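The values are calculated or read from the model by the stated rules, or taken from the named source; none is laboratory data. Remember, predicted model here, so these are calculated numbers, not experimental data. Please note: Cβ atoms are built from the backbone with ideal geometry, for glycine as well, and neighbour counts cover all protein chains shown. Ligands, DNA and RNA are stripped out before the accessible areas are found, and what is left, the full protein with its side chains, is counted by its heavy atoms. Shrake-Rupley method; radii C 1.70, N 1.55, O 1.52, S 1.80 Å.
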Amino acid sequence: MRDKKIVICGGGNGAHTAAAVIKDQFPNHQIGLFLSIPSEFEIFKKNLEKGIALKVMTKQRTFMALLDFIADNPKDAVSDSDLILLILPAFAHEITLEAITPYLKDEAIIGAIPARGGLEFSQTKRLVRSNKNNVFFGLQTLPWSCRIKEYATLVDILGKKEIVGLASSPRSYAGYLSKELSLLFDIPIYPFDNMIELTLGNQGQIVHPGIMYSMFFGNESVKYKRNDIPPFYHGVDEKIADLLTKMSNEVLSIADKLGKYIPTKNVLPLIDWLITSYKNDIRDTSSLTKAFQTNTVYNGLKVPVKEKSEGMMAPDFMSRYVSEDMPHGLVVTRGIAAITGVETPTIDMVILKLSEWINKEYLVNDKLEGHDIKDVRIPQNYGINSIEALKGVVLR
Ligand code: NAD
């Protein structure tokens, strides 16, 4: 990919990181951000005017970048961009894709990093409706664990994945895009067969809702002093690992059933994915519990909390571990389970409890008929109700 214009939609941890990692390594590419939130746009604008570079640090090296442009409206952001990367929580995907689609040039390629669940269903329908034919792709996860230290200025990369999967629509672009993204992100990226492998292979949908459920079901009103907030991933014990394994096994049953019609071999058991993704960061791989507890990338990552009265902290059930990973991950997988006829009692139990916590309704009497189901990317919302229909979208 030579001297391209690349726009990253989003202004969060991952967007900062990707922008600096690409621009530092490939100064000939034009790199910019589409910032639809005015306060974020203003901060970046001031920094650009003052010539303040974005600095992203790992333990080994620093990436420095002065962005080429920023945009606060979709037309300026994408109308002459070659590559458009959505590095956003999944709840912002649809609104962003709706905004940018009218302005896409024919050759533009769009990627969601990470894809989370069901992008293949919504984006295929959107492109058909808009009479567009753009290639799109997703990554299985964000390549980095990263946190902004100072907005628009400084980011810490806590760790990076050893390898990340990519799938595209049409499928034939996955090899080419994996090679290009491996270079841009300085990380090995390998091609999956198809996008449903991303939807089912999204391990965040298991890990985050599963840990939140295990830690807080029946313990919802717990409070912590600021210095006593427990670790999140390092807090995985045998009981939590058991729940995560059951959830992972249910996803594998769906993949197995679907695998007779659509390739799903890249949907891995949770423990295999964890060990593959963090090969050099995990000290003890003997069990799922140990693999979580001894992963150094998770050092210092705590339970999500919000401040309550008198300096006490309470679990934040609106955090993206619940509000993103359940509706935009687990519920979509549940939609595919319904099509394949696979039962998912553990996943259902987690969806029901987490839905209560965020005051949403997806599952009612074992059916995806809740009030809020219209807002998620289950295949059924796009008229896909059979394995044949799934094949039609996924095997393009
Ligand atoms: P983030 O929470 O930092 O991103 C928030 C940004 O998204 C905001 O700053 C804003 O620019 C944009 N945004 C939010 N709501 C929006 C809306 N309604 N419309 C338009 N834009 C909106 O997210 P992140 O940490 O960069 O993560 C991006 C994705 O990667 C998420 O799916 C996350 O779960 C995943 N992920 C992140 C990490 C990490 O370490 N940061 C690790 C693994 C996966």
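Straight-line reach from Lys308: which lysines have Cα under 16 Å away, leaving out those fewer than 8 places along the same chain? By straight Cα distance, Lys308 reaches Lys223, Lys225. Estimated from helices alone, the mean residue ellipticity of the chain at 222 nm is -11000 deg cm²/dmol (sum of -39500 (n - 2.57) over DSSP H runs with n ≥ 4, per residue).
In terms of packing, defined here as the mean over residues of other Cβ atoms within 10 angstrom, the peptides 303-312, 256-265, 13-22, 218-227 line up highest first as 13-22, 256-265, 303-312, 218-227.
Model label points for Tyr176 and Asn299, set 7 angstrom from Cα along the Cα-to-Cβ axis, are 4.2 nm apart. Using every pair of separate Cα atoms, the Kirkwood estimate puts the hydrodynamic radius of the chain at 21.5 angstrom. Per residue, the Cα convex hull of the stretch 194-294 amounts to 114 Å³. On the protein heavy atoms, probe 1.4 angstrom, tell me the percent of accessible surface of the stretch 129-186 carried by carbon and sulfur. Here carbon and sulfur together make up 48 percent of the probe-accessible area. The modelled label-to-label distance for the pair Tyr224/Asn133, using points 7 Å beyond Cα in the direction of Cβ, is 5.3 nm.
P(r) for the stretch 192-248, from all Cα pairs and a bin width of 5 Å, is 4, 17, 23, 20, 14, 10, 6, 3, 2, 0 %, short bins first.
With a threshold of 25 Å on the Cα-Cα distance, the over-threshold entries among Lys132/Lys257; Lys23/Lys50; Lys23/Lys105; Lys4/Lys59; Lys5/Lys265; Lys45/Lys75 are Lys132/Lys257; Lys4/Lys59; Lys5/Lys265. For the peptides 144-152, 328-336, the ranking by mean Cβ contacts within 10 Å, running from highest to lowest, is 328-336, 144-152.
The value of relative contact order for the stretch 177-273, using C-alpha pairs under 8 Å at least six residues apart, is 37 percent. When the chain is treated as a GNM with alpha-carbon contacts under 10 Å, the residue of Phe216, Phe69, Phe91 showing the greatest mean-square fluctuation is Phe216.
For the stretch 223-279 and the stretch 46-122, what is the separation of their Cα centres, given in Å? That distance is 29 Å.
For a straight C-alpha distance cut-off of 16 angstrom, the lysines reachable from Lys279 (same-chain residues fewer than eight places away being disregarded) are Lys160, Lys161, Lys290. Where both bridge residues fall in the chain, DSSP classifies roughly 45% of the beta bridges as antiparallel. Once the 1.4 Å probe is applied to the protein heavy atoms, the chain comes out at 42 Å² accessible per residue. Within the listed set Lys374, Lys55, Lys246, the residue fluctuating most in the Gaussian network model of the chain (springs between alpha-carbon atoms under 10 angstrom) is Lys374.
A simple charge model with +1 on the Cβ of Lys and Arg, -1 on the Cβ of Asp and Glu and nothing else charged puts the dipole of the chain at about 540 debye relative to its Cα centre.
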